[in-house]
Amino acid sequence: MKNIAVFASGNGSNAHQIIRYFAGDSKVVIRLVVTNNEKAGIINKCKQESVPCFVFPKDSFVDSDGLITFLIENNIDYIVLAGFLLQIPQALIKEFPKKIINIHPALLPKFGGKGMYGMYVHKAVMETGEKETGISIHYVNEEYDKGEIILQKKCAITIEDTIESIGLKVQALEHEYYPVTLKNIIK
């Protein structure tokens, strides 16, 4: 059995999808969720799904020794980022090499980096006149959105699309492909 820690900062729709996908799986267990935001929507979703959720303030990520100890004590095998906005410290990456996986709401290497998340990404994609967008699932390294790409899936952008409709298309891809890809990597 593999134990997963999901890191999420916001509403947690991807994290929630992952929790539901692996519910009842005997080989992959969502052991806990970690957030840096005490007001994150994922906290209530974790309560609904009976998954432990822990708030670690930003300082705990910068000085990651306590977080690393916590993850090791909980027998965590993989870390899955689902809308987690803080940069992962080098110490955590060294402790979990090729065991930290992220999803980005665009086709990397375009539209990645610090500050490129959520609607900011979709706005940038729309403003540059791209004809397609999608998702990139990748391993995490020391730089934002620069880790080895595991999977990319695309969707078309039409002249009728808005930033919001692009966001919905990308979210549908995230929900469809992220849990399945995680299962393939972890199992």
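Computed from the coordinates by the stated procedures, all read-outs in this text should not be read as laboratory data. Bear in mind that the values here come from a model prediction, so they are computed numbers and not experimental data. Note that each Cβ is placed from the backbone with ideal geometry, even for glycine, and that neighbours are counted across all protein chains shown.
Using packing as a proxy for protection, rank 167-174, 147-154 so that the peptide with the highest average count of other Cβ atoms within 10 Å comes first.
167-174, 147-154
With Rg and the Kirkwood Rh both taken from Cα atoms, where does Rg over Rh land for the chain?
My calculation of the ratio gives 0.96.
With θ taken as phi - 60° and the coefficients 6.51, -1.76 and 1.60, list the Karplus ³J(HN,Hα) couplings across the stretch 168-180 in order, rounded to whole Hz; mark glycine and proline as x.
Rounded to whole hertz, the list is 5, 5, 5, 4, 4, 5, 4, 5, 6, 9, 5, x, 5.
Here are some pairs, K2/K123; K58/K146; K154/K187; which of them have Cα atoms lying more than 29 Å apart in this structure?
Beyond 29 Å between Cα atoms: K2/K123.
Tell me the relative contact order for the chain as a rounded percent, counting alpha carbon contacts under 8 Å between residues six or more apart.
Relative contact order here is 20 percent.
Rg(Cα) of the stretch 78-156 divided by 2.2 N^0.38 Å?
Cα-based Rg divided by the globular estimate yields 1.09.
Taking amide hydrogens as modeled 1.01 Å from N in the peptide plane, which residues meet the under 5 Å criterion relative to F7, leaving out close sequence neighbours?
V34, V80, L81, A82
Tell me, what ³J(HN,Hα) does each residue in the stretch 20-29 have, in order and in whole Hz, if you take phi through Karplus 6.51 cos²θ - 1.76 cosθ + 1.60 with θ = phi - 60° and put x for Gly and Pro?
Per-residue couplings from phi come out as 5, 4, 8, 4, x, 6, 7, 10, 10, 10 Hz.
If you take every DSSP beta bridge fully contained in the stretch 2-186, what fraction is antiparallel? Give it as a percent rounded to 5.
40
With a Förster radius of 30 Å, plug the Cβ-Cβ distance of D25 and V55 into 1/(1 + (r/R0)^6) and report the FRET value to the nearest 0.05.
Result of the calculation: an efficiency of 0.70.
Expressed as a rounded percentage, what relative contact order does the stretch 1-103 have, with Cα pairs under 8 Å and six or more residues apart?
34
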